[in-house]
Amino acid sequence: MLKAIKKEPVIPWYWERFDLFAGLSPEARDEVMNATERREYRRGSMVFRANDPASRIYMLEEGRVKIFHLSGQGEITVFWFCVPGDLFGAGGISGAEEQSVNAQVQERAVIRSLSRGEFERLLHLHPQLAINVIRQVSGRLRLACDAVADKTGRRAEAHLARVLMRLARNWGESREGEIRFHVRITHQELAYLVGSCRQTVNRVLNQFARQGVIRFEQRTLIVCRPDTLAEYMED
(Lines give C-alpha, C1' and ligand atoms only; values in the text may rest on other atoms or scores of the structure.)
Protein backbone atom coordinates (compact mmCIF):
# COMPACT_ATOMS: atom_id res chain seq x y z
CA MET A 1 0.00 0.00 0.00
CA LEU A 2 1.31 3.41 -0.91
CA LYS A 3 1.92 5.73 2.03
CA ALA A 4 -0.01 9.00 1.83
CA ILE A 5 2.22 11.97 1.18
CA LYS A 6 1.68 14.74 3.67
CA LYS A 7 0.78 17.97 1.91
CA GLU A 8 2.70 21.00 3.09
CA PRO A 9 0.55 24.07 3.83
CA VAL A 10 0.89 26.82 1.24
CA ILE A 11 2.11 30.11 2.69
CA PRO A 12 0.66 33.00 0.65
CA TRP A 13 3.16 35.48 -0.82
CA TYR A 14 1.40 38.41 0.82
CA TRP A 15 2.18 37.06 4.31
CA GLU A 16 5.86 37.84 3.80
CA ARG A 17 7.56 40.97 5.11
CA PHE A 18 7.21 43.87 2.75
CA ASP A 19 10.23 45.84 1.51
CA LEU A 20 9.25 49.19 0.02
CA PHE A 21 12.76 49.72 -1.34
CA ALA A 22 13.35 46.30 -2.90
CA GLY A 23 15.21 46.72 -6.19
CA LEU A 24 15.90 50.43 -5.65
CA SER A 25 19.37 51.92 -5.62
CA PRO A 26 20.73 53.45 -2.39
CA GLU A 27 20.51 56.87 -4.08
CA ALA A 28 16.81 56.39 -4.87
CA ARG A 29 16.12 55.25 -1.34
CA ASP A 30 17.87 58.32 0.05
CA GLU A 31 15.84 60.55 -2.24
CA VAL A 32 12.60 59.08 -0.95
CA MET A 33 13.66 59.36 2.70
CA ASN A 34 14.85 62.93 2.25
CA ALA A 35 11.42 63.88 0.90
CA THR A 36 9.69 62.79 4.12
CA GLU A 37 8.98 64.59 7.38
CA ARG A 38 9.92 62.70 10.54
CA ARG A 39 7.74 62.82 13.65
CA GLU A 40 7.59 60.97 16.96
CA TYR A 41 4.27 59.76 18.42
CA ARG A 42 3.36 58.68 21.92
CA ARG A 43 1.54 55.44 22.65
CA GLY A 44 -2.19 55.83 22.07
CA SER A 45 -1.82 58.78 19.69
CA MET A 46 -3.95 58.87 16.56
CA VAL A 47 -1.98 59.28 13.34
CA PHE A 48 -5.24 59.87 11.49
CA ARG A 49 -8.92 59.05 11.82
CA ALA A 50 -11.50 57.88 9.33
CA ASN A 51 -12.82 60.85 7.35
CA ASP A 52 -9.64 62.89 7.92
CA PRO A 53 -8.24 64.44 4.71
CA ALA A 54 -6.16 61.85 2.84
CA SER A 55 -3.45 64.28 1.83
CA ARG A 56 -0.37 62.42 3.13
CA ILE A 57 1.24 59.00 2.91
CA TYR A 58 2.94 57.45 5.95
CA MET A 59 5.82 55.07 6.55
CA LEU A 60 6.56 53.50 9.92
CA GLU A 61 10.20 53.78 11.00
CA GLU A 62 9.93 52.58 14.62
CA GLY A 63 7.16 51.19 16.81
CA ARG A 64 3.79 49.69 15.91
CA VAL A 65 0.60 51.18 14.46
CA LYS A 66 -2.87 49.62 14.46
CA ILE A 67 -5.05 50.06 11.35
CA PHE A 68 -8.70 49.57 12.25
CA HIS A 69 -12.33 50.41 11.57
CA LEU A 70 -14.74 51.57 14.28
CA SER A 71 -18.43 51.00 13.57
CA GLY A 72 -21.20 53.27 14.74
CA GLN A 73 -22.02 50.68 17.40
CA GLY A 74 -18.46 50.78 18.73
CA GLU A 75 -17.35 47.46 17.21
CA ILE A 76 -13.65 47.38 16.31
CA THR A 77 -12.30 45.53 13.29
CA VAL A 78 -8.50 45.41 13.10
CA PHE A 79 -7.14 44.98 9.57
CA TRP A 80 -3.45 44.75 10.45
CA PHE A 81 -0.66 46.06 12.65
CA CYS A 82 2.03 48.02 10.83
CA VAL A 83 5.62 47.25 11.77
CA PRO A 84 8.78 49.18 10.79
CA GLY A 85 9.10 49.50 7.03
CA ASP A 86 5.36 49.38 6.35
CA LEU A 87 3.65 51.99 4.21
CA PHE A 88 0.16 53.06 5.30
CA GLY A 89 -2.51 55.69 4.70
CA ALA A 90 -4.44 53.94 1.95
CA GLY A 91 -6.60 56.99 1.28
CA GLY A 92 -3.60 59.03 0.21
CA ILE A 93 -2.10 56.17 -1.79
CA SER A 94 -5.33 55.55 -3.70
CA GLY A 95 -6.10 59.20 -4.35
CA ALA A 96 -9.22 59.31 -2.17
CA GLU A 97 -10.28 62.58 -0.59
CA GLU A 98 -10.66 61.10 2.90
CA GLN A 99 -9.18 58.28 4.95
CA SER A 100 -11.53 55.32 5.39
CA VAL A 101 -9.84 53.75 8.42
CA ASN A 102 -8.12 54.78 11.66
CA ALA A 103 -4.41 54.56 12.48
CA GLN A 104 -3.40 54.50 16.15
CA VAL A 105 0.05 54.15 17.72
CA GLN A 106 0.34 51.02 19.88
CA GLU A 107 3.79 51.79 21.25
CA ARG A 108 6.05 54.79 20.92
CA ALA A 109 6.55 55.30 17.20
CA VAL A 110 8.61 57.25 14.70
CA ILE A 111 6.67 57.90 11.53
CA ARG A 112 7.74 59.52 8.29
CA SER A 113 5.21 61.11 5.95
CA LEU A 114 5.11 63.01 2.70
CA SER A 115 2.48 64.82 0.69
CA ARG A 116 0.48 63.00 -1.95
CA GLY A 117 1.94 65.23 -4.67
CA GLU A 118 5.52 64.45 -3.64
CA PHE A 119 4.68 60.76 -3.36
CA GLU A 120 3.28 60.68 -6.89
CA ARG A 121 6.31 62.56 -8.20
CA LEU A 122 8.60 59.90 -6.74
CA LEU A 123 6.49 57.09 -8.21
CA HIS A 124 6.85 58.62 -11.69
CA LEU A 125 10.56 59.07 -11.16
CA HIS A 126 11.20 55.53 -9.85
CA PRO A 127 8.99 52.89 -11.56
CA GLN A 128 10.33 50.13 -9.29
CA LEU A 129 9.00 52.06 -6.30
CA ALA A 130 5.59 52.19 -7.97
CA ILE A 131 5.70 48.42 -8.57
CA ASN A 132 6.56 47.83 -4.92
CA VAL A 133 3.66 50.00 -3.77
CA ILE A 134 1.25 48.13 -6.08
CA ARG A 135 2.50 44.87 -4.60
CA GLN A 136 1.88 46.05 -1.06
CA VAL A 137 -1.57 47.46 -1.80
CA SER A 138 -2.48 44.19 -3.56
CA GLY A 139 -1.29 42.24 -0.53
CA ARG A 140 -3.39 44.35 1.83
CA LEU A 141 -6.43 43.74 -0.36
CA ARG A 142 -5.82 40.00 -0.26
CA LEU A 143 -5.55 40.14 3.54
CA ALA A 144 -8.89 41.94 3.73
CA CYS A 145 -10.51 39.34 1.47
CA ASP A 146 -9.01 36.51 3.53
CA ALA A 147 -10.35 38.05 6.74
CA VAL A 148 -13.90 37.97 5.38
CA ALA A 149 -13.55 34.42 4.03
CA ASP A 150 -11.94 33.10 7.22
CA LYS A 151 -14.57 34.69 9.45
CA THR A 152 -17.47 33.11 7.58
CA GLY A 153 -15.99 29.84 6.40
CA ARG A 154 -13.42 28.56 8.92
CA ARG A 155 -13.49 27.22 12.45
CA ALA A 156 -11.99 29.40 15.17
CA GLU A 157 -8.94 27.11 15.46
CA ALA A 158 -8.15 27.40 11.75
CA HIS A 159 -8.75 31.14 11.66
CA LEU A 160 -6.54 31.84 14.68
CA ALA A 161 -3.84 29.51 13.36
CA ARG A 162 -3.76 31.46 10.09
CA VAL A 163 -3.48 34.77 11.95
CA LEU A 164 -0.66 33.46 14.15
CA MET A 165 1.25 32.03 11.20
CA ARG A 166 0.87 35.29 9.26
CA LEU A 167 2.11 37.34 12.22
CA ALA A 168 4.98 34.90 12.69
CA ARG A 169 6.13 35.60 9.11
CA ASN A 170 6.22 39.33 9.87
CA TRP A 171 7.10 39.50 13.55
CA GLY A 172 8.85 36.21 14.22
CA GLU A 173 12.44 35.19 14.72
CA SER A 174 13.25 31.52 14.07
CA ARG A 175 15.47 29.88 16.63
CA GLU A 176 16.07 26.15 17.15
CA GLY A 177 12.85 25.15 15.42
CA GLU A 178 10.70 27.67 17.28
CA ILE A 179 9.42 31.11 16.25
CA ARG A 180 9.63 33.83 18.88
CA PHE A 181 7.52 36.94 18.33
CA HIS A 182 9.55 40.14 18.75
CA VAL A 183 6.34 42.17 19.04
CA ARG A 184 3.96 41.60 21.94
CA ILE A 185 0.29 41.15 21.16
CA THR A 186 -2.59 40.81 23.61
CA HIS A 187 -5.40 38.28 23.52
CA GLN A 188 -7.82 41.12 22.83
CA GLU A 189 -5.78 42.29 19.83
CA LEU A 190 -5.80 38.75 18.47
CA ALA A 191 -9.58 38.68 18.95
CA TYR A 192 -9.89 41.87 16.91
CA LEU A 193 -7.78 40.36 14.13
CA VAL A 194 -9.71 37.10 14.13
CA GLY A 195 -13.04 38.87 14.32
CA SER A 196 -14.11 36.86 17.33
CA CYS A 197 -14.64 37.38 21.04
CA ARG A 198 -11.79 37.29 23.52
CA GLN A 199 -13.25 34.23 25.28
CA THR A 200 -13.07 32.18 22.08
CA VAL A 201 -9.50 33.29 21.40
CA ASN A 202 -8.50 32.46 24.99
CA ARG A 203 -10.02 28.99 24.65
CA VAL A 204 -8.16 28.24 21.42
CA LEU A 205 -4.87 29.65 22.71
CA ASN A 206 -5.18 27.47 25.81
CA GLN A 207 -5.88 24.47 23.58
CA PHE A 208 -2.77 25.19 21.51
CA ALA A 209 -0.72 25.65 24.70
CA ARG A 210 -1.90 22.33 26.19
CA GLN A 211 -0.87 20.59 22.98
CA GLY A 212 2.58 22.20 23.11
CA VAL A 213 2.01 24.17 19.90
CA ILE A 214 2.60 27.58 21.53
CA ARG A 215 3.70 29.00 24.87
CA PHE A 216 4.06 32.41 26.47
CA GLU A 217 7.18 33.70 28.22
CA GLN A 218 6.48 36.95 30.06
CA ARG A 219 3.76 37.91 27.54
CA THR A 220 6.01 36.99 24.59
CA LEU A 221 4.37 34.48 22.26
CA ILE A 222 6.49 31.57 21.05
CA VAL A 223 5.33 29.11 18.39
CA CYS A 224 6.93 25.87 19.54
CA ARG A 225 5.70 23.65 16.71
CA PRO A 226 5.18 25.72 13.55
CA ASP A 227 4.39 22.63 11.44
CA THR A 228 1.56 21.59 13.75
CA LEU A 229 0.17 25.13 13.84
CA ALA A 230 0.29 25.22 10.04
CA GLU A 231 -1.75 22.01 9.89
CA TYR A 232 -4.55 23.73 11.78
CA MET A 233 -4.77 26.36 9.01
CA GLU A 234 -6.36 23.84 6.67
CA ASP A 235 -9.05 22.60 9.09
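The values are calculated or read from the model by the stated rules, or taken from the named source; none is laboratory data. Everything numeric in this text was worked out from a predicted model, so none of it was measured. Note that we place each Cβ from the backbone using ideal geometry, even for glycine, and neighbour counts take in every protein chain shown. We work out accessible area using only protein heavy atoms, side chains counted, and drop any ligands, DNA or RNA first. Shrake-Rupley method; radii C 1.70, N 1.55, O 1.52, S 1.80 Å.
Here is how the numbers come out for the structure above:
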| quantity | calculated |
| --- | --- |
| Residues of the chain: accessible area per residue with a 1.4 Å probe, Å² | 55 Å² |
| Within the chain, helix-based [θ] at 222 nm, where runs of 4 or more DSSP H residues each add -39,500 (n - 2.57), nearest 500 | -12500 deg cm²/dmol |
| Point-to-point label distance, His182-Glu118, nm (Cα→Cβ direction, 7 Å offset) | 2.8 nm |
| Base-10 log of normalised Debye intensity for the chain (one unit scatterer per alpha-carbon) at q = 0.11, 0.14 Å⁻¹ | -0.61, -0.96 |
| Largest to smallest accessible area among Glu234, Glu61 [probe 1.4 Å] | Glu234, Glu61 |
| Whole-percent carbon and sulfur share, accessible surface of segment 108-235, 1.4 Å | 50 percent |
| Under the span-like rule (Cα at least 20 Å along the axis, Kyte-Doolittle mean at least -0.5), DSSP H helices of the chain | 127-153, 156-171 |
| Cβ-defined net charge surrounding Ser55, 10 Å radius [Lys, Arg +1; Asp, Glu -1] | -1 |
| Label-to-label distance, nm, for residues given as Leu20 and Ile222 (7 Å Cα→Cβ offset) | 3.4 nm |
| Modelled FRET efficiency - R0 41 Å, Glu97 with Arg203, Cβ distances, 0.05 increments | 0.45 |
| Net +/- balance of residues flanking Trp171 in space, Cβ distance below 14 Å, scoring K and R +1, D and E -1 | +3 |
| Ranked by how many other beta carbons lie within 10 Å on average, peptides 27-38, 127-138 from highest | 127-138, 27-38 |
| Rough spin-label spacing in nm, given labels placed 7 Å along Cα→Cβ, for Glu27 and Ala144 | 3.7 nm |
| Net lengthening on full extension, Val110/Val137 (0.36 nm per residue, minus Cα-Cα) | 7.5 nm |
